[in-house]
């Protein structure tokens, strides 16, 4: 399937109309290329005073890698419920299931000037408060400080260095909390920042949005 792109925007031509998704930007590429893919679009729409996340998945094929092209202006409280619905649909599929098919978020690498992808296939989102278990990274909207275990304040640029200096007797479960009012772009940038922690344990970190 051909995948037409601009560096910072993805265009969908449907029924003679052009619709645009403004992509998040980051300064590194986690994954540079994905083959055998289906695009999914989540558009930023406005209806009166309300912001709406409009989903288009007409060309998605269950057995392929799904690329989520999501407008960077949307807040997480609108994005993640739609992502969860699509995740569940793919996970529930039996007849055409492909165990090797992944889910990726697309974004623009502003340094490499290329389209890049962030895998999230194994992530299970929860739209509520976390328990007291695990080592918690709390990201707040528009804040350059990360709260660790809700009491230690560390700059984003230093957060991984700080974490890896801790001498754990047993590696803890990692938990991420993201402000539901955070923009999707800010979420992607934060998630890329701590992407290395996906391999800290056998389990992908838990993600809470509230």
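Residues 185, 180: which one is outside the structural domain of residue 22 (by TED's automatic domain parsing), crowded, with 19+ Cβ neighbours inside 10 Å and in contact (Cβ under 8 Å) with a residue 60 or more places away in the chain? Before the answer, list the steps.
Working: 180 fails: crowded, with 19+ Cβ neighbours inside 10 Å.
Exactly one residue qualifies, and that residue is 185.
Restricting to the stretch 21-41, what's the tally of residues that are closer than 22 Å to residue 87 by Cβ and either assigned to a loop (DSSP other than H, G, I, E, B) or assigned by TED's automatic domain parsing to the domain that holds residue 191 (or both)?
Summing the residues that are closer than 22 Å to residue 87 by Cβ and either assigned to a loop (DSSP other than H, G, I, E, B) or assigned by TED's automatic domain parsing to the domain that holds residue 191 (or both) in the stretch 21-41 gives 6.
Going by the structure shown, is residue 90 closer than 25 Å to residue 203 by Cβ, crowded, with 16+ Cβ neighbours inside 10 Å and over 16 Å from the mean Cα position of the chain (by Cα)?
Details: closer than 25 Å to residue 203 by Cβ: yes; crowded, with 16+ Cβ neighbours inside 10 Å: yes; over 16 Å from the mean Cα position of the chain (by Cα): yes.
Yes, satisfied.
Please go through the stretch 188-210 and pick out each residue that is out of contact with any helix residue (DSSP H, G or I) (no Cβ under 8 Å at 6 or more places or on another chain), in contact (Cβ under 8 Å) with a residue 60 or more places away in the chain and under 21 Å from residue 29 (Cβ atoms). Steps first, answer last, please.
Going residue by residue through the stretch 188-210, those that are out of contact with any helix residue (DSSP H, G or I) (no Cβ under 8 Å at 6 or more places or on another chain) are 188-189, 191-192, 195, 198-203, 206-208, 210.
Retained after the next criterion (residues that are in contact (Cβ under 8 Å) with a residue 60 or more places away in the chain): 188-189, 191-192, 195, 206-208, 210.
188, 189, 191, 192, 195 - these are the residues of the stretch 188-210 that are out of contact with any helix residue (DSSP H, G or I) (no Cβ under 8 Å at 6 or more places or on another chain), in contact (Cβ under 8 Å) with a residue 60 or more places away in the chain and under 21 Å from residue 29 (Cβ atoms).
The values are calculated or read from the model by the stated rules, or taken from the named source; none is laboratory data. Just so it is clear, the model here is predicted, and its values are computed rather than measured. A quick note on method: Cβ atoms are made from the backbone with ideal geometry, for glycine too, and the neighbour counts reach across all protein chains shown.
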